[in-house]
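The values are calculated or read from the model by the stated rules, or taken from the named source; none is laboratory data. Owing to the predicted nature of the structure, the values given are computational and were not obtained by experimental measurement. We place every Cβ from the backbone using ideal geometry, glycine too, and count neighbours over all the protein chains shown. Just the protein is used for accessible areas: all its heavy atoms, side chains included, with ligands, DNA and RNA removed. Shrake-Rupley method; radii C 1.70, N 1.55, O 1.52, S 1.80 Å.
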Amino acid sequence: MTKFVVTPADVAQRDAWAGGAIPEVEQVRPGLWSVPVPIPVNPLRYVLVYVLELPGGVAIIDAGWNTDEAYDALVAGLAVAGYAITDVKGVLVTHIHPDHYGLAGRVREMSGAWIALHPADARLVRERYDDAAIDSLVERERELLRRCGVPALTLDELAGASMMIRHMVTMARPDRLVEDGDELKLPGWDLRAVWTPGHSPGHLCFVSPARRVLFSGDHVLAKITPMVAVHPQSSRNPLADYLDSLAAVRKLDVDEVLPAHEYRFLELAERVDSVMAHHDERLAEIERAVAALDGAACWDLATRLTWSRPWETIPPFMRRAANNETLAHLAWLEARARVRRVAGEPDLWFPA
Ligand SMILES: [Zn+2]
Ligand SMILES: [Zn+2]
């Protein structure tokens with residue numbers, strides 16, 4: 001295979017991101033396209049769906065949010081690449097968040113494509129999107145927040161904060177389960193799955209050694225760090241999972257990272273190092289806060305940390321995320337015996 005020269009196209013994507021625009025549909029490599037699909041009411045604005053050409057059709061990596069606007073953008077993007085929605089043979093989903101997974105069911109309906117997911121995220125599908133199971137999920141979230149010391153008045157608002165977006169996700173069951181190291185066996189592609197739990201328990205990246213690209217989903221992004229939080233569907237120590245997963249992809253020998261948001265970029269190892277450094281700083285800040293307060297609940301610690309804006313101006317949905325992210329860092333410190341949890345109503349955190 002002739003080595004594809006990386007064009008400055010990544011600059012165009014970055015400029016579009018920086019300018020608040022939706023980037024163009026781009027041919028990233030021969031036989032590989034990137035299609036921005038808009039996300040409603042979200043500062044990320046779009047998810048980048050990757051279109052992989054196959055003999056007689058395409059596979060896509062991620063699908064987009066389940067809205068008409070997103071569906072139309074996907075169809076239009078496929079048309080730029082010379083394909084119709086009916087040409088989609090498979091949907092590889094990096095993880096079950098609605099901006100990636102939401103539209104997968106509709107794509108399957110239109111094309112008969114299979115949907116692939118890691119088993120750890122497939123397990124969450126029913127609970128996350130099934131009406132019968134959702135009450136128990138909300139109840140467990142409420143219990144978690146209560147143990148964090150969230151004031152009673154705010155509990156209802158916070159526990160149900162993600163329910164309003166649920167109806168935008170169709171409950172599609174995956175047809176294929178993809179495990180760590182699995183070869184996807186797409187004709188013309190040497191695509192291998194890399195299980196990267198942390199942001200989601202079943203998050204998958206996909207690497208093509210021949211094309212020297214990494215499809216990184218939400219695992220590694222150019223500017224933002226993905227949310228890693230303790231929640232009812234997470235592991236006990238998702239930050240440890242995440243940092244291990246970062247170390248796993250850092251070793252990959254690729255020329256370019258193709259993420260699901262923002263823009264594509266070249267320096268995988270450097271970006272991984274800076275994300276790791278960010279979490280080190282955050283862990284140190286939280287450890288200092290635990291020492292200073294000497295017996296505080298997670299919520300009280302969260303309100304005292306530095307965030308991108310003053311705590312009072314953070315909306316409820318984001319406050320819950322902030323709390324659960326703080327808890328992920330506390331759980332990591334606890335596992336390393338750097339802080340100590342005293343279980344109670346609420347749990348209190350002390351220096352080790
Ligand atoms: Zn995500
Ligand atoms: Zn995302």
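Observations on the structure shown:
- Spatially proximal aspartates and glutamates relative to Lys251 (Cα-Cα < 17 Å; intrachain offsets below 8 disregarded): Asp180, Asp241, Glu267, Glu270, Asp273
- Measuring with a 1.4 angstrom probe and ignoring ligands and nucleic acids, Met276 comes out at about 50 Å² accessible.
- Calculated mean residue ellipticity, 222 nm, the chain: -12000 deg cm²/dmol, from DSSP H runs (n ≥ 4) at -39500 (n - 2.57) each, averaged per residue and rounded to 500.
- Shape call, the range 165-282: gyration tensor on alpha carbons, a/c limit 1.5: oblate
- Ordering of 304-315, 73-84, 229-240 by packing [mean C-beta count within 10 Å, highest first]: 229-240, 73-84, 304-315
- Cα centroid separation, the range 195-232 to the range 28-71 (Å): 16
- Of Ile22, Ile60, the residue with the largest accessible area leads and the full order is Ile22, Ile60 (1.4 Å probe).
- The charge dipole of the chain, taken about the Cα centre with unit charges on the Cβ atoms of Lys, Arg (+1) and Asp, Glu (-1), comes to about 360 debye, rounded to the nearest 20.
- Checking every one of the GluC sites (Glu not before Pro) in the range 214-297 against DSSP loop status and a limit of 15 other Cβ atoms within 10 Å picks out Glu267.
- Element breakdown for the chain at a 1.4 angstrom probe: carbon and sulfur atoms account for 54% of the accessible area.
- For the chain, share of DSSP beta bridges that run antiparallel, in % to the nearest 5: 70
- Taking a straight Cα-Cα cut-off under 18 Å and skipping sequence neighbours fewer than 8 places away in the same chain, the aspartates and glutamates within cross-link reach of Lys185 are Glu53, Asp62, Asp87, Asp175.
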